[in-house]
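The values are calculated or read from the model by the stated rules, or taken from the named source; none is laboratory data. Treat the numbers as computed from the prediction; the structure is a model and nothing was measured. Here the Cβ is made from the backbone with ideal geometry for all residues, glycine too, and neighbour counts use every protein chain on show.
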């Protein structure tokens, strides 16, 4: 079975793999949650009402939010958690939108449970999204799965209390002139945030030597950097290097960035993720004698950023939402169905093929994994398919598992859009579903009825 992965064309192996997921904003590690046993007088009245798929509260599942908290209904069963966890810094310390994140089924003070609930999802009032967070080998019980698999929940007509207040509005931000970042004043700016809403904030984009270097290096991409630092960390230091990280609102993992500043070299380096694909804008190196070309000389990366890079999509990643499925010929064997992972930190590609009259799945990673067994999960809008896979090569980049007896093939034939990916419960981007039925019929006709 291993040979199938080695037979992939070189052009396929050079391509690689984000998708939205509920990562805490990188600017706010250790995000805080507030335990609520009641929603009375907590400033959440604008969320009150009953919600159900397509806004039809005559049916279940549905959830009601009122002053007493949250009440969940499924198949005649009612569950009212005695407390919920309100993730008050889930979207970053400077977030000012209307979305609110909750963990409605906490297990303990240190375990917030397996379900995330976002109210006013994607800044849309009256919309709730549920998502499962499952470690390896676990499945949601049927009660919780009814919500994570129910699609978007919307506010039922007439269910909001009369005179429901509007969401609290932030005070208007008045632009002020911050401190220009110069090569010689970065040490005293450590701990301060970029922005134009406080006099002691850093002016990173308009004035000063660092702003000029960013403008010259990024050109029109400077606007993308500003957006991708909307939720941002304070300036930090590692040795002689200064750096900060951030992401666009709700887009951690897909649209994010880091800025690295070396005042000794008077140089900046920017890592810019757009739709889950990283581009590094490194400073130009000195030209060699007689050379007409200027190469890029990358700055050494501090440990914090390196750890972030290790857990983010690489430069070889395919941007989300990914590319359609393809039929890949294999010399001397039946072809395989192939799809690139999109925006994944670790998965490069997935393939399905016939072996001994049975269908198998192969997973190609962009970096070695030292384990011997993993669980690769396909998440079709809350319908999870867990495929145990075994290491197929010594270097730990090729993994294989059988799919017989799972609903994977039927869901790939029926679903559209994209499917979210996980390894041992960790979010791993997504894969497009375009062209999957036609490709699977051609590649698997010798071992599956499709």
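Could we say that residue 229 is within 16 Å of residue 270 (Cα to Cα), in contact with a strand residue (DSSP E or B) (Cβ under 7 Å, 6 or more places away or on another chain) and surrounded by 22 or more Cβ atoms within 10 Å (Cβ to Cβ) here? Yes; evaluated as a whole, the condition is true for this residue. Determine, yes or no, whether residue 404 is in a loop (DSSP other than H, G, I, E, B), surrounded by fewer than 17 Cβ atoms within 10 Å (Cβ to Cβ) and at pLDDT below 95. So residue 404 fails the test. Is it the case that segment 187-207 has a residue that's at pLDDT 90 or above, under 30 Å from residue 50 (Cβ atoms) and in contact with a helix residue (DSSP H, G or I) (Cβ under 9 Å, 6 or more places away or on another chain)? No, segment 187-207 has no match at all. Of the residues making up segment 143-160, those that are in a loop (DSSP other than H, G, I, E, B) and in contact with a strand residue (DSSP E or B) (Cβ under 7 Å, 6 or more places away or on another chain) number 7.
Could you check how many residues of segment 134-176 are at negative phi and at pLDDT below 75?
Initially, segment 134-176 is screened for residues at negative phi, giving 134-136, 138-150, 152-157, 159-162, 164-176.
Retained after the next criterion (residues that are at pLDDT below 75): 134-136, 138, 164-176.
Within segment 134-176, residues that are at negative phi and at pLDDT below 75 number 17.
Please list, ordered by residue number, the strands (runs of 3 or more DSSP E) wholly in segment 44-121 having 2 or more residues that are surrounded by fewer than 18 Cβ atoms within 10 Å (Cβ to Cβ) and not assigned by TED's automatic domain parsing to the domain that holds residue 256.
On the way: elements: 49-53, 62-66, 69-74, 77-79, 84-86, 100-103, 115-119.
Per the criteria, 77-79.
Whether any residue in segment 316-334 is within 21 Å of the chain's Cα centre (by Cα), farther than 28 Å from residue 360 by Cα and modelled with pLDDT of 90 or more is what I want to check. No; the residues of segment 316-334 include none that is within 21 Å of the chain's Cα centre (by Cα), farther than 28 Å from residue 360 by Cα and modelled with pLDDT of 90 or more.
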